1. Output the residue which, of all residues in region 95-142 that are under 30 Å from THR81 (Cα atoms) and of a type outside the set (A, V, I, L, M, F, W, C), is surrounded by the most Cβ atoms within 10 Å (Cβ to Cβ).
2. It is to be established whether one or more residues within region 12-30 are farther than 22 Å from LEU211 by Cβ and hydrophobic (A, V, I, L, M, F, W, C).
3. Determine whether ALA29 is in contact with a Cys (Cβ under 8 Å, 6 or more places away or on another chain) and either within 29 Å of ARG202 (Cα to Cα) or of a type outside the set (Phe, Trp, Tyr) (or both).
4. May I ask you to list the residues in region 68-105 that are over 21 Å from LEU211 (Cβ atoms), of a type outside the set (Lys, Arg) and part of a helix (DSSP H, G or I)?
5. Those residues that are charged (D, E, K, R), in contact (Cβ under 8 Å) with a residue 12 or more places away in the chain and out of contact with any Phe, Trp or Tyr (no Cβ under 7 Å at 6 or more places or on another chain), I need them from region 74-101; list them, please.
6. Looking at (1) under 38 Å from the mean Cα position of the chain (by Cα); (2) on the phi < 0 side of the Ramachandran plot; (3) surrounded by 15 or more Cβ atoms within 10 Å (Cβ to Cβ); (4) not aromatic (Phe, Trp, Tyr), which is the only condition GLY153 fails?
7. Out of all the residues in region 139-187, which are in contact with a strand residue (DSSP E or B) (Cβ under 7 Å, 6 or more places away or on another chain), among the aromatic types (Phe, Trp, Tyr) and not in a strand (DSSP E or B)?
8. With respect to ILE132, determine if the residue is of a type in the set (Val, Ile, Thr) and farther than 30 Å from VAL207 by Cα.
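The values are calculated or read from the model by the stated rules, or taken from the named source; none is laboratory data. These numbers come from a predicted model, not from an experiment. Positions of Cβ are generated from backbone atoms using ideal geometry, with glycine treated the same way; all protein chains shown enter the neighbour counts.
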Amino acid sequence: MNPVGRRLWASVWYLLEYLILGWVLFAVAFSAVTVTLVLAVTLAGLPLLIALAATIRGCATVERARAGRFLGEPVSGRYRTATQPGLIAKVKAKWRDSATWRDVAYLVGVFIPLMTLDTVVVVVWLVLLAGITLPIWYWAPQQTFDNGLTAHGVQLGYFPNGPHGHPAYGVYVDTLPKALLAAAVFLILFLLFSFVVRITARAHAIVARALLKAPEDPLADAKEVLARPGPLPSL
């Protein structure tokens, strides 16, 4: 398995997209639910309740498309439709639909844990990626320490009194050999952590699919058999 193959970059893009898009979808869905709770007691807000439900479904559709593209399979939803005319019937059909509340569960309910997990994984991955390039820029940063000393380099650890002071824990990268050694270590960690990125992205997409995909009909096979033409010609 290639740790830096196409699947890794697809995973990174999937997580990065959520770090940006997730906040927007959360804000829209959370606002829609909040306004719905306020307007649920008034008849004047019925048309808006229908529009808010459609807004939540639109946000969920965006995440279905992302999860389906990443997993390589369609993630489609199925919603109830009103069986009777009138605004009240439409509102009941939309807001009593379990699919709508599964959308809310994904867009709002699991937003914080997913966003936290994705952020931590992406930040660690980017730090390791930056560490591989240390030989190019290790000399540029200038550090100022507690004792007033200044020095160029990158501290990988704790150096309160400068690169040669005490106490000192870790490695202070201020020469090319140190930078090359540190970059080699970062490269190994980067390759290993790339599997974590892929696992995280897949887990996120599976959660999205589980909440946003229409549940399987347990009677689907039986309905298909009953829908087939029988052995005898119809009269």
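1. Checked region 95-142; the qualifying residue surrounded by the most Cβ atoms within 10 Å (Cβ to Cβ) is ASP103.
2. Within region 12-30, one or more residues are farther than 22 Å from LEU211 by Cβ and hydrophobic (A, V, I, L, M, F, W, C).
3. yes
4. Answer for region 68-105, where residues must be over 21 Å from LEU211 (Cβ atoms), of a type outside the set (Lys, Arg) and part of a helix (DSSP H, G or I): LEU87, ILE88, ALA89, VAL91.
5. Matches in region 74-101: ARG78, ARG80, LYS90, LYS94, ARG96.
6. (2)
7. Matches in region 139-187: TRP139, PHE159.
8. yes
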